[in-house]
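Below is one structure, written out as structure tokens; the observations come after it.
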Ligand SMILES: [Zn+2]
């Protein structure tokens with residue numbers, strides 16, 4: 001993962017052929033809001049729940065939040081939507097379901113194996 005320290009004020013024009021438009025940001029923002037709400041709900045109901053299970057769930061959500069942050073950085077640097085495994089474009093349908101994914105289906109299953 002490449003840390004992106006550039007502030008949001010750094011507005012480079014989108015490269016042609018890479019339609020990482022405002023809808024991509026909206027999708028990512030929505031995904032982040034959903035995860036943050038889940039995290040809040042988890043903490044609010046956490047007292048009575050199994051501690052171990054709760055922290056595992058919270059960790060999983062936080063992992064996704066990091067993925068979402070990284071996806072925002074890739075939107076900024078123009079690499080969003082390109083598979084890190086094979087450098088091919090990730091299919092748009094997949095990005096709709098998993099807007100923060102870095103891999104196409106093939107590379108993802110190889111990475112997860
Ligand atoms: Zn790939």
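Every read-out reported here was derived from the displayed coordinates using simple, explicitly stated rules and does not represent laboratory data. The shown structure was predicted, so the numbers you read here are calculated from the model rather than taken from an experiment. For neighbour counting, all protein chains shown are included, and Cβ atoms are generated from backbone atoms with ideal geometry for every residue, glycine included.
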Calculate, for residue 111 and residue 51, the FRET efficiency according to 1/(1 + (r/R0)^6) with r their C-beta to C-beta distance and R0 25 Å; round to the nearest 0.05. 0.25
Taking 30 Å as R0, compute the FRET efficiency from the Cβ-Cβ separation of residue 58 and residue 87 and round it to 0.05. 0.35
Residue order, fewest to most beta carbons within 10 Å, for 63, 102: 63, 102
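Take each of the peptides 68-78, 82-92, average the number of other beta-carbon atoms within 10 Å over its residues, and list them starting from the highest.
Packing order, densest peptide first, comes out as 68-78, 82-92.
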Least to most buried among 52, 30 (fewest other Cβ within 10 Å first): 52, 30
